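Participant: Before I ask anything, let me first share the structure, which is written out below as structure tokens.
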Amino acid sequence: MKILVTGGAGFIGSHTLVQLLRAGHEVIVYDSFANSKPQVLDQVKLLTSKDFPSIKGDLLERDLLNKTFAEHRPDAVIHFAGLKAVGESVEKPLDYYQNNVTGTLELLTAMETHGCHNIVFSSSATVYGTPKYLPYDEEHPLSPESPYGRTKFFVEKIIEDWTISNPQASAILLRYFNPVGADDSALIGEDPSGIPNNLVPYIAQVASGVLPHLQVLGDDYETRDGTGERDYVHVVDLAAAHLAAINYATSQTGCDAINIGTGTSITVMEFLKAFEKTVGKPLPYKIKPRRSGDVAKMEAKVDKAKALLQWESERNLENMCETTWRWQRYKMSSN
Ligand code: WQD
């Protein structure tokens with residue numbers, strides 16, 4: 001199958017390209033490189049010994065997007081491209097609605113124009129908001145609490161309405177929990193610019209001496225040890241879920257949301273201790289007040305992924321730490 005991957009040079013996009021190429025699919029990458037580096041695609045080509053075209057473009061560039069569809073005629077789209085920092089979305093909501101929502105409208109319109117009916121969308125568990133119950137299943141009410149989360153919610157609804165209007169259309173909305181880790185080769189991984197917002201790249205930078213200590217954002221939550229609990233899923237497992245989802249999407253029509261997590265949760269301190277074991281030394285931390293907008297615990301119900309995609313996570317906490325650490329050291333050595 002020929003698959004257009006928007007945002008293919010990103011953290012999850014690049015790991016998904018590896019899975020798609022190794023499965024024999026053809027890919028075309030469409031990426032503005034606003035939040036990623038073109039060199040990542042060279043690493044994917046090295047990893048897979050496969051070549052593929054990439055177009056430097058923004059989804060808002062309507063002519064370029066249509067030219068890409070006309071030239072490559074993809075059978076399906078995996079849509080990663082979008083802004084994704086919760087805090088930044090509060091400061092710049094219009095940028096987020098423009099990029100994430102209007103960008104997706106442009107993408108769906110181009111798909112309609114060029115007869116492409118299948119899409120897998122990179123959604124997020126953030127659409128659930130504060131839990132009414134746990135683990136979150138896909139029927140849990142949606143009440144996102146940030147402009148970023150609301151863009152994911154609105155795009156889910158837009159895609160759903162599109163599939164209702166187009167009987168040939170098929171869409172899978174993957175609601176990721178917390179993606180972490182890196183490819184075993186350490187050639188690709190999470191590469192946030194500036195000081196990481198997310199826990200795991202932050203811990204990796206403490207371990208490599210780039211940052212002085214971890215700030216544990218709250219230790220008074222109703223959790224096992226008072227620190228935040230999250231459902232961390234290895235990015236290689238998450239990438240495999242996209243391969244399963246695109247195969248499933250092209251075998252049915254309609255729209256389905258599916259959680260992608262492990263079904264278990266780990267606290268901040270548990271992750272820190274596991275990382276200390278991997279690096280073989282204690283890692284400094286300081287307890288700080290809670291971060292506004294954080295919830296105590298997030299955990300995925302993952303029965304639907306198993307039933308519909310025959311997918312479940314395979315990698316454990318130790319591998320999440322090991323692959324993250326290997327990638328961090330590779331990054332340090334190549335800088
Ligand atoms: C995890 C835990 C923090 C940093 C976010 C987005 C979500 C998704 C994944 C895009 C929490 C604690 C964190 C730090 C800490 N992204 N923490 N010190 O907030 O669960 O989810 O990333 O789709 O939309 O909201 O991930 O890694 O920021 O935090 O103690 O320096 O680690 O309080 O309990 P989060 P995170």
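The values are calculated or read from the model by the stated rules, or taken from the named source; none is laboratory data. Keep in mind that what you see is a predicted model, and the values were worked out from it rather than measured. Cβ atoms come from the backbone with ideal geometry, glycine included; neighbour counts cover every protein chain shown. Only protein heavy atoms, including side chains, enter the accessible area calculation; ligands, DNA and RNA are left aside. Shrake-Rupley method; radii C 1.70, N 1.55, O 1.52, S 1.80 Å.
Participant: Apply the Debye scattering formula to the stretch 1-100, with a single equal point scatterer on each alpha-carbon and no solvent, then give log10 I(q)/I(0) at q = 0.20 Å⁻¹.
Facilitator: -0.97
Participant: For the stretch 1-62 and the stretch 157-225, what is the separation of their C-alpha centers, rounded to whole Å?
Facilitator: One Cα centre to the other: 19 Å.
Participant: Still on this structure, I have one more. Along the charge dipole of the chain, Cβ charges K/R +1 and D/E -1, which of His140, Leu60, Ala182 sits furthest on the positive end?
Facilitator: So the residue furthest toward the plus end is Ala182.
Participant: Further, regarding this structure: Report the longest stretch of the chain that contains none of the GluC sites (Glu not before Pro) sitting in a DSSP loop with at most 10 other Cβ atoms within 10 Å. The partial results should precede the final answer.
Facilitator: Values: sites that count: Glu139, Glu222.
Result for the longest clean stretch: 1-138.
Participant: On the protein heavy atoms, probe 1.4 angstrom, tell me the percent of accessible surface of the stretch 261-307 carried by carbon and sulfur.
Facilitator: 55 percent
Participant: As a test of understanding, state the convex hull volume per residue of the chain from its alpha carbons, in Å³.
Facilitator: 122 Å³
Participant: Given the options Ile164, Ile246, Ile188, state which has the largest fluctuation in a GNM of the chain using a 10 Å cut-off (strictly under) for Cα springs.
Facilitator: Ile164
Participant: Can you bin the stretch 76-195 into rounded, prolate or oblate? Criterion: square roots of the alpha carbon gyration tensor eigenvalues sorted a ≥ b ≥ c, rounded for a/c under 1.5, prolate for a/b above b/c, oblate for the rest. Present the calculation step by step, with values, prior to reporting the outcome.
Facilitator: On the way: a/c = 1.43, a/b = 1.24, b/c = 1.16.
Rounded, because the longest to shortest axis ratio a/c is under 1.5.
Participant: List the pair-distance distribution P(r) of the stretch 192-335, using every Cα-Cα distance, as the percent of pairs falling in each 10 Å bin from 0 up to the bin containing the longest distance, rounded to whole percents.
Facilitator: 11, 35, 32, 17, 5, 0
Participant: Say R0 is 35 Å: what FRET efficiency, to the nearest 0.05, do Thr250 and Lys288 get from their beta-carbon distance?
Facilitator: My answer for the efficiency is 0.15.
Participant: If you average 1/r across every pair of different Cα atoms in the stretch 190-271 and take the reciprocal, what Kirkwood value do you get, in Å?
Facilitator: Computed over the stretch 190-271, the radius equals 15.4 Å.
Participant: With 24 Å as the limit, write out which pairs from Lys50/Lys157; Lys45/Lys301; Lys273/Lys297; Lys92/Lys152; Lys56/Lys84; Lys2/Lys67 have Cα-Cα distances beyond it, or answer none. Numbers along the way, then the final one.
Facilitator: Working: Lys50/Lys157 35 Å; Lys45/Lys301 35 Å; Lys273/Lys297 18 Å; Lys92/Lys152 15 Å; Lys56/Lys84 19 Å; Lys2/Lys67 16 Å.
From Lys50/Lys157; Lys45/Lys301; Lys273/Lys297; Lys92/Lys152; Lys56/Lys84; Lys2/Lys67, over 24 Å: Lys50/Lys157; Lys45/Lys301.
Participant: Hey, another quick one. So if I take the alpha carbon set of the stretch 135-250, get Rg, then get Rh from the Kirkwood formula, what is the Rg over Rh ratio?
Facilitator: Values: Rg = 17.9 Å, Rh = 17.4 Å.
In the stretch 135-250, Rg relative to Rh is 1.03.
Participant: Between Asp51 and Asp161, what is the spin-label point distance in nm, taking each point 7 Å from the Cα along the Cα→C-beta axis?
Facilitator: 4.3 nm
Participant: Take the Cα of Arg73, step 7 Å along the line toward its Cβ, and report every residue of the stretch 33-57 whose backbone nitrogen sits under 20 Å from that point.
Facilitator: Flagged as within label range: 52-55.
Participant: Please list, ordered by chain and number, the residues whose modelled amide H lies under 5 Å from the amide H of Val5; skip anything fewer than 5 residues away on the same chain.
Facilitator: Close amide H contacts, sequence-distant or interchain: Ile28, Val29, Tyr30, Ile78.
Participant: If the chain between Glu91 and His213 were fully stretched, how many nm would it gain, using 0.36 nm times the residue separation less the Cα-Cα distance?
Facilitator: Result: 41.3 nm gained on full extension.
Participant: Continuing with the same structure: Show me the trypsin sites (Lys or Arg not before Pro) within the stretch 152-218 that DSSP assigns to loop and that have at most 15 other Cβ atoms within 10 Å of their Cβ.
Facilitator: none
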